[in-house]
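In what follows, a structure is listed as structure tokens, so that the remarks can point back to it.
Where a number appears in this text, it was derived from the coordinates with a stated rule and is not lab data. None of these values were measured; they are calculated from a predicted model. Virtual Cβ from ideal backbone geometry, glycine too; neighbours counted across all protein chains shown.
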Amino acid sequence: MTDASTILDGLNPAQRQAVTAAPGPVLVLAGPGSGKTRVLTRRVAYLIGVHGVDPHHILAVTFTNKAAREMRDRLEKLLGPGEAAALTVGTFHSICARFLRRDSIHLGRERDFAIYDTDDQLRVMKRVLRDLNLDEKKHAPRAIHAAISRAKNELIDPDAYSRHAHSYFEEVVARCFARYQELLRGANALDFDDLLVETVRLFEEHPAVLERYQERYGFLLADEYQDTNRAQYVLLKQLASRHHNIFVVGDEDQSVYAFRGADIRNILSFERDYPEAQVILLEQNYRSTQAILDVAQAVINRSAQRRRDKRLWTRNGEGVLVQVIEGYDQDEEAQLVAGEIARLIAGGAYQPGDIAIMYRTNAQSRAIEEALIARQAPYIIVGGTRFYERKEIKDALAYLRLALNPFDDISLSRVLNWPARGIGQRTQEDLERRAGAAAVPLYVMLHTLAANAEAAADQTTSPAPARTGEMPSRARNALLGFLTLIDESLDRRQTLSLGALMDWLFERVGFREALRREYGDEEGDDRWNNVMELRNVAEQYADLPLASQLSTFLEEVALVSDIDTLQEERNAVTCITLHQAKGLEFPVVFLVGLEEGLLPHARSADDRDALDEERRLFYVGATRAKERLYLLHAFRRATYGRTEIATPSRFLHDIPPDLLQRAPKRGYAAAQMVTGRAAALRNPRRNQAAPVSPHSAAPDGPRAISFFAGQKVHHAQFGEGIVVSSKLVEGDEEVTVAFVGKGVKRLLASFANLQHV
Ligand code: ATP
Ligand code: MG
């Protein structure tokens with residue numbers, strides 16, 4: 001046992017009260033940065049270290065896999081190495097995936113099921129539309145899928161959905177829902193939502209199984225409780241219904257996942273479900289300065305919904321005022337951010353890793369990324385081109401998934417003709433049609449074709465039997481070649497370690513050569529390196545029993561959420577959406593795009609509840625900042641291909657002016673008035689006195705033009721390009737380059753390190 005004082009060290013009285021509360025239901029409600037996550041972690045340590053609870057009996061739910069890892073690390077420090085190993089910590093999805101691997105047999109499901117990620121789900125959805133003869137253009141696959149996902153999070157199954165479908169759209173969704181589930185079932189696959197739904201069903205239909213889990217997990221804890229949806233809520237309730245040892249922490253004001261079915265009312269239900277619950281409020285904020293808290297508070301206080309009034313206060317001091325900066329358009333907004341970042345770093349007080357840029361929509365990251373590249377600032381885009389979304393990685397994973405579960409139709413279609421092996425679109429469609437008609441997975445149909453081909457070969461005198469249809473023999477042979485490959489890999493995975501299986505498979509497939517053929521030697525090798533990076537990941541599974549290496553690996557890969565690609569060890573600026581920023585903290589935060597239509601988002605315009613949620617998003621973003629907060633907006637912005645004058649966000653108006661420091665308006669506004677709209681449209685940036693932040697002039701003074709139209713250049717990130725024009729701006733040279741396949745970019749010569757070629 002560990003000394004209680006170590007575990008309670010650095011906690012205030014209210015936090016201590018929460019950590020040491022007697023077993024039973026506990027609800028901790030408190031604002032951002034008040035130590036909820038810290039308290040939850042210490043509670044686990046306290047249960048183990050002081051109450052002597054076996055970690056095996058503890059289940060803790062976190063918002064991301066990364067948060068789960070952090071919790072483990074903290075616990076190792078508090079309790080000593082190895083102590084936390086037996087603990088179950090993870091997101092709802094990863095925890096449910098574990099449960100189902102163990103017990104899906106009770107649901108009549110193979111344990112080697114595939115987990116379909118967002119991209120796979122969309123592919124299935126498109127196939128559903130094709131199967132039902134619905135036009136993709138009229139019925140957006142994403143919208144239908146979103147409706148299905150919402151239903152699942154509410155624990156509504158296709159039948160129930162169909163019974164309650166009222167509108168035409170809902171009727172379409174109902175049909176698609178049923179077919180979608182059929183296809184998943186046929187492929188022995190689950191999507192993310194199914195992981196929850198099926199676990200709830202498992203517990204509902206098999207009380208003995210539930211009892212086993214209730215006994216195992218005598219202590220439950222959940223972070224970010226305000227964002228649980230119905231399915232998650234029910235799951236926790238099922239597990240806790242016997243012992244009531246459930247400890248949850250949350251903040252109503254940070255609930256931002258209503259579109260995914262999260263329901264703040266779950267907090268209220270908690271007190272109803274467990275009338276004996278202790279409710280503990282934390283007040284002091286340890287994260288931010290008072291200046292930042294006041295701004296966040298001013299915006300949340302204007303919510304339409306009734307909320308419990310809580311005042312955020314801190315002993316961290318007033319701090320510097322929150323800054324409001326207006327850019328001319330989204331590109332200048334991004335440049336101002338990048339310029340200020342350069343200034344902060346040059347000042348020595350901050351490193352790139354201390355800084356985050358947050359935005360409402362993913363599309364906003366494009367301008368930011370370019371501005372950071374132009375400044376050569378290291379950055380990571382959370383949820384951008386994720387490693388696991390790269391084509392070559394998805395292809396490699398598809399082969400590995402087939403080695404585990406050949407009925408996985410999505411993976412099979414994906415690599416059926418990659419690398420090219422003479423299976424054309426027509427052949428593929430033919431195969432899909434046959435499989436569809438026989439209601440079997442593609443893999444089974446391949447075997448049927450193989451059997452028929454053999455039968456035909458035996459009857460050498462007669463022509464091929466009609467059952468094989470008119471499939472040309474070349475196509476059929478190509479299919480059979482592929483089938484052999486899949487069957488071989490099914491064999492190999494019985495005897496090979498995961499790493500060895502990958503080596504064998506990639507060699508057998510001719511992966512590297514195929515990449516080089518398709519993308520040329522240079523890019524082909526780049527992509528091959530990514531595949532090798534995947535091979536490196538396999539080493540982490542080498543210690544597991546052979547039989548579970550592949551399935552565990554694929555499961556974890558499928559569940560790596562965007563935020564989990566965030567590598568802390570890299571000292572880089574973090575670019576992240578507001579939704580993903582929950583629970584995180586950074587010394588410096590830039591919130592960009594504070595405009596009507598963006599934040600609050602256009603979708604929320606006429607909906608009071610949606611508008612409140614936008615407010616909470618702002619609140620979450622602002623309260624990530626520890627020391628400095630910048631709020632940016634642009635004078636005009638291009639969205640959906642149209643450039644329009646942007647109205648500053650109403651949230652800016654909600655903040656008393658004395659809490660803000662506004663950067664002085666600069667040249668463009670005056671120029672705008674004189675020259676009018678036409679000039680601005682012709683070339684917006686030319687109207688400005690200062691295209692980059694005034695604080696950060698180029699490092700090496702005035703220089704002569706060194707790039708001319710027509711010259712070929714090379715850029716580390718964008719590759720080969722041709723100079724369109726170049727001019728001196730503020731002592732630096734602004735070069736406009738058309739990059740092959742990457743479009744036209746404007747770069748500052750002093751930062752971009754363009755090479756003549
Ligand atoms: P959010 O709602 O944003 O998730 P939270 O309530 O979970 O916030 P934490 O992340 O646990 O807050 O804590 C915020 C910061 O304050 C962390 O850096 C944490 O280490 C620190 N902190 C929490 N409690 C204390 C304390 N009593 N003394 C010193 N620092 C503390
Ligand atoms: Mg937290």
- line: Dividing the surface of the Cα convex hull of segment 571-614 by four yields a projected area in nm² of 3.8
- line: With x for Gly and Pro, the residue-by-residue ³J(HN,Hα) of segment 333-346, computed from phi through the Karplus equation 6.51 cos²θ - 1.76 cosθ + 1.60 at θ = phi - 60° and given in whole Hz, is 3, 5, 5, 5, 4, 4, x, 5, 4, 4, 5, 4, 6, 4
field: Net charge, Glu585 excluded, C-beta distance under 9 Å - Lys, Arg +1, Asp, Glu -1
entry: +3
- prompt: Using only Cα atoms, what Kirkwood radius does segment 201-247 have, in angstroms?
  reply: 11.0
- prompt: Which values, in whole Å and largest first, are the semi-axes of the equivalent ellipsoid of segment 477-634 obtained as the square root of 5 times each eigenvalue of the Cα gyration tensor?
  reply: 45, 19, 18
Across Lys66/Lys310; Lys391/Lys582; Lys137/Lys394; Lys712/Lys745; Lys237/Lys310; Lys36/Lys66, pairs whose alpha-carbon gap is larger than 20 Å: Lys66/Lys310; Lys391/Lys582; Lys137/Lys394; Lys237/Lys310
- prompt: Distances over 19 Å make up what percent of all Cα-Cα pairs in segment 152-286?
  reply: 60
- prompt: What net charge is computed for the residues neighbouring Ser269, neighbours being all others with C-beta under 15 Å from the C-beta of Ser269, Lys and Arg scored +1, Asp and Glu -1?
  reply: -3
message: Show me the three semi-axes of the equivalent ellipsoid for segment 114-187, from the C-alpha gyration tensor (sqrt of 5 times each eigenvalue), largest first, rounded to whole Å.
response: 17, 15, 11
- line: Answer check: the chain, Cα atoms, Kirkwood Rh, Rg/Rh ratio of 0.99
query: Mind ordering 594-601, 581-588, 450-457 by average Cβ neighbours within 10 Å, highest first?
result: 594-601, 581-588, 450-457
- prompt: Quick one: Cα centre-to-centre distance for segment 473-496 and segment 374-424, in angstrom?
  reply: 19
- prompt: Residues with beta-carbon under 11 Å from that of Asn316, excluding Asn316: net charge, scoring Lys, Arg +1 and Asp, Glu -1?
  reply: +1
- line: So for segment 217-297, using the alpha carbon gyration tensor with a ≥ b ≥ c as root eigenvalues (a/c under 1.5 gives rounded; past that, a/b versus b/c decides prolate or oblate), I'd call it prolate
- line: Going residue by residue through segment 522-529, the Karplus relation 6.51 cos²θ - 1.76 cosθ + 1.60 with θ = phi - 60° gives ³J(HN,Hα) values, rounded to whole Hz and with x marking Gly or Pro, of 5, 5, x, 6, 4, 5, 4, 4
